[in-house]
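Any read-out appearing in this document is the output of simple, stated calculations on the displayed coordinates, not a laboratory observation. Because the structure is predicted, anything quoted here is derived from the model rather than measured. FYI the Cβ positions are ideal-geometry reconstructions off the backbone, even for glycines, and counts take in every protein chain you see.
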Amino acid sequence: MIDVRLTAVSKRFAKSSDSAAVDDVTVTIGAGEFFTLLGPSGCGKTTTLRMVAGFYFPTSGHIHFGDDDVTHWTPNKRDTGMVFQNYALFPHMTVAQNVAYGLKVRRVSRADQARRVTEALEQVHLAGYGDRRIDALSGGQQQRVALARALVIRPRTMLLDEPLSNLDAKLREETRAEIRRIQRESGTTSIYVTHDQAEAMAMSDRIAVMESGRVQQVGTPHEIYYKPANAFVARFIGRSNVLSLPVTGATDDSVAVRLPGGATIDVGAPAGHGLGAGDTALVSARPEHIALGGDDDTAAMRGRISHVEFTGMATNISVDVDGNEVMAALIDAPAGLQLGDVVGLRLVPERLWVVKP
Amino acid sequence: MTAATRTAPAWAAALGRRLSGGANSRWFPYLLVLPLVLVLWGFVVQPMFATFRESVSANGSDNYLQFLSSSGVARESLFTSLFISAASVLLCGIVGVAMAFLLKRFHFRGRRLIEAFILVPAALPPLIGAVSFQLLYSNIGIVPRGLQALLGTEKPVLAFDGIAGVLVVHTFTMYPFFFLAASAALAGMDPSVEEAAYNLGAGRFRVWRTVLLPMLTPALISASLLVFMTSLASYTAPLLFNVSQTMTMQIYINRTNGDLPMASAYASVLGIVSIIFLLAMRWYEGRRNYQSQSKGISAVRREITNPIGRWLAPLASVLATLVLLAPVAAIALVAFSEDRSWTTEVLPPTYTFENFVTIFTDPKAFEPILNSVQMSLIAVVGCVVIGVLIAYAVRRLKFVGRGLLDVAVMIAWALPGTVVAINLISAFSTGNAFSFGQVLVGTFWILPLAYFVRFLPIVFRSSSATLALIDPSLEDAARNLGASWLRAFYTITVRLMLPGVLAGALLAFVHGVGEFVASVLIYTSSTVPISVAINNRMYSFELGTAAAYGMLQVLLIFVVMWFSGRLESSRTATRRAEQWTN
Ligand SMILES: Nc1ncnc2c1ncn2[C@@H]1O[C@H](COP(=O)(O)OP(=O)(O)OP(=O)(O)O)[C@@H](O)[C@H]1O
Ligand SMILES: [Mg+2]
């Protein structure tokens, strides 16, 4: 069932340059889904979310909640629960008053208010904090009050704009699991905005990767990681080598390319890739799918090590292959890899993927 | 080394070391602070006690009982003063907050025009301000007479008189306290807090009531206290609009009738009320405000989309700008009118340059300008020396009683000019240790002294504000490189404070040149200042010359305003208002 639908939504700000902040975005979000907008700073995530919340109106396009066209509804009619990046708690109210605000607006009876506020605070592990002043809370606690305030009204859609960006690394990981747990329990459709790809991967049912106001790819974390639609997505999600390789043949869902070492391999490709013999394919190869091995004849490619760093989990190296930098993450690398060593590299063909430019 | 083995020279050397230890030595602060304490005690605090003694000298507590008796002028005046102050707070609050919302939250044509001139009425010296409003809106004012001519009525239309007139002056000159406080609060407010309320389903009215107004409350309370205090001290407006039963007017009337004890009783009551307000303000200032530093794009100004609004906005802006500039325009117009020629016409009938020519060629007419400039300069020198040192002591040194020193300066700021004048009369009409046994009342020195007391806080504040921005470790660095305290203080701290001090000094100078409230009570016939000359000319119906003096003051103010605006662009808006509005 479709819960939120954006159809060809664009937003141009009156005075900014001619380029659109959000450009022709079409996505559908299913009921109960945890949907993430992911992209670098300035790509239009917040603008998109604020159009869903009703703080901006699209320049063109439509937004539907279920069957309702809400494109021009005011924010207070939309029944969304928004968690702001800086929490936006009311500084002149206590924790409980903050959480109760939306209930008061909805004319919920006093007894129900009290009960639901208590429940919501329990849900975010803040039971007993109701009478605290906002400025007597830590950042993480404030974040959870903001969450409770949005949750307690049982909104049809939760909107979260980088709610974790003000927390330190450890708290961020704890809280993201917590948010996901609460979302699962309540089954609320959620749209989550972040520029942190690890966060997006860990939390989301589906992710829309955005860049310069456009959606580059929509898919599950798995699809986005293993089958990036284009070079931008491949590089933005995790780390990736994008190799330009000559095409020797193609089928509907694969392309045969020749490696620098001379061997030819088949690489998975999206339907309608349009490549044929004689073209050059862009192939995304994750560093962890590259290993040491092979001599002059059998290696996929060879080069000189230009950078080595040991992280504990893996040894990251960069190898200079004919002037192109290739990154590899080696598990169990032999001790004594040196800068300047010439090494051979092997690829895992089933993990490679042809991307669009 | 024990005390017994110390020889006298060794002890002297130790003393020398301690002194050069400067700010870091334990009792150096007291050495610096002692003279400052003596000055504040001698010229601010002690005169207050002298006034109190004076008020109970003749017939004990009788003077004060009059404030309690059910009938009589004293009680009536106290109530009128309180009523005027409360009404001023209300009016200024409505006008100031409405302007702030309009200008900060909406985008419409003409907005910048209003913003450019919004502080003009408040920047006028008190007497000029009141005179210009009298020329504009009173019985004899241009607007009521204009309307009378237009509508063909018998009497001037919409003429403000008495208390209503006073309230008009107060509203126009004091609403910036609210405007600036509310603007700053709105600008500092995190827009997403407001959005959160909309998101939770609140309508516009509810957001106002439950989020915006509560968050503005701290700013509004500070502004209310300030306006209340300033209205209480207001003297010129009641004088010009003939409201004789206010505290300040009663001080003046009793003083001119020779009843100094009664004048002193009024001054004591007014002084105490003012100090209570000062303390309330300081107590409140330390409390929370709701500024937040959130990242991201700040509050978006709403376009006015309503077609009627779109049409009206530029019109209203032009009208508002005209109203804001009208006082200066009125003064300028009348400055070129012939003395005594303007009787019942809407505008002065005949124009001339004569007024300015007279002022600059007739030595008698030029004398008030010389007097004011001379006396203000003397006062400013004192203000700078003492003000900078007090600012340094309060900001940088640790000593017992630091808070009291600070409060003592602020008392000088809180006391109405009339009260300062009465205090000085009470203290210095006989010889006094602080005047080296000389009688100061009736001499040249009494006015510079009054200006010094009134405007010391201005220099203190701007010095203290710049000092707050200077990293104390700069001075430490100089000491570390081998400079003595005095050298470090002089070459680093004073040097860096210079722009702030200069701005404060200029401001004090302008205020001195425009000072009227205290001057009118204590001037001597050989040292008539400009404002008293203006007042005298008004009395003898030489409106043109009076306005010409006023115009010169306005020019001086605009020049200084422009200049100090360049000096200190980083100052906060609120502080600017407190300096300019008096
Ligand atoms: N109110 C506004 N007026 C003009 N331009 C705006 C406004 N809001 C956003 N923009 C512009 O639109 C573009 C997208 O902004 P947006 O805030 O949506 O980015 P974002 O993806 O949320 O970035 P970040 O991760 O930094 O929050 C930016 O170029 C921004 O400068
Ligand atoms: Mg954003």
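For A:SER254, the amide hydrogen comes within under 5 Å of the amide hydrogens of A:ALA269, counting only partners 5 or more places away or on other chains and with H modelled in the peptide plane. Cβ crowding within 10 Å, taken as a proxy for footprinting-reagent exposure, orders A:LYS356, A:LYS77, A:LYS45 from fewest neighbours to most as A:LYS77, A:LYS356, A:LYS45. Against the main long axis of the alpha-carbon atoms of chain A, helix A:169-186 sits at an angle near 60°. In terms of overall dimensions, the protein assembly as shown has a Cα radius of gyration and Dmax of 37.5, 120 angstrom.
Note on B:LEU347 and A:ASP253: their simple-model spin labels are 8.9 nm apart, each label 7 Å out from Cα toward Cβ. Only Lys, Arg, Asp and Glu carry charge here, each on its Cβ (+1 for the first two, -1 for the last two); on that basis the stretch A:4-231 has a dipole of about 660 debye about its Cα centre.
When both the stretch B:377-430 and the stretch A:166-236 are represented by their alpha-carbon centers, they are found 63 Å apart.
Backbone geometry of the stretch B:183-188 corresponds, through the Karplus equation with coefficients 6.51, -1.76 and 1.60 at θ = phi - 60°, to 3J(HN,Hα) couplings of 4, 4, 5, 5, 5, x Hz, x marking Gly and Pro. According to the calculation over all Cα-Cα pairs in the stretch B:134-180, the P(r) per 10 Å bin from zero is 30, 41, 23, 7, 0 %. Note on the protein assembly as shown: Lys pairs 8 or more places apart or on different chains, Cα atoms under 16 Å apart, count 4.
Counting other Cβ atoms within 10 Å as a rough exposure proxy, the listed residues B:SER264, B:SER526 run B:SER526, B:SER264 from fewest neighbours to most. Averaging over all projection directions, the Cα-based convex hull of the stretch A:239-355 occupies 7.0 nm² in the image plane. Given the C-alpha centroids of the stretch A:139-153 and the stretch A:244-289, what is the distance between them in whole angstrom? The two parts, judged by their Cα centres, are 48 Å apart. Diffusion coefficient of the stretch A:4-231 by Stokes-Einstein, Kirkwood radius over Cα pairs, 4 °C, 1.567 mPa s: 72 µm²/s. Candidates A:LEU89, A:SER318, A:VAL105 compared by Cα position along the dipole of chain A: farthest toward the positive end lies A:VAL105, with charges placed on Cβ. Just the number, please: Stokes-Einstein D of chain B in µm²/s, Kirkwood Rh from C-alpha pairs, 10 °C, 1.306 mPa s. D, rounded to a whole number, is 61 µm²/s. Legend: mean number of C-beta atoms from other chains within 10 angstrom of residue C-beta atoms, peptide A:72-82, equals 4. For the segment B:211-223, counting C-beta atoms of other chains within 10 Å of every residue's C-beta and taking the mean gives 1. Across the stretch B:520-525, coupling constants 3J(HN,Hα) worked out from phi with the 6.51/-1.76/1.60 Karplus curve, θ = phi - 60°, read 5, 8, 10, 5, 10, 5 Hz, and Gly and Pro carry x. Each label point was placed 7 Å from the Cα along the Cα-to-Cβ direction; for A:ALA277 and A:GLU174 their separation is 6.2 nm.
For B:ALA86 and B:PHE205, the FRET efficiency from 1/(1 + (r/R0)^6), where r spans their Cβ atoms and R0 equals 25 Å, is about 0.40. Taking θ as phi - 60° and the Karplus parameters 6.51, -1.76 and 1.60, the scalar couplings of the stretch B:263-268 work out to 4, 5, 4, 4, 4, 5 Hz in sequence order, x denoting glycine and proline. A cut-off of 5 Å between modelled amide H atoms, ignoring neighbours fewer than 5 places along the same chain, links A:ASN241 with A:ALA285, A:ARG286.
The Cα center of the stretch B:225-283 and the Cα center of the stretch B:179-203 differ in position by 38 Å. Treating each Cα of the stretch B:94-247 as an identical point scatterer and summing with the Debye formula, the log10 of I(q)/I(0) at q = 0.17, 0.20, 0.21 Å⁻¹ comes to -1.02, -1.19, -1.25.
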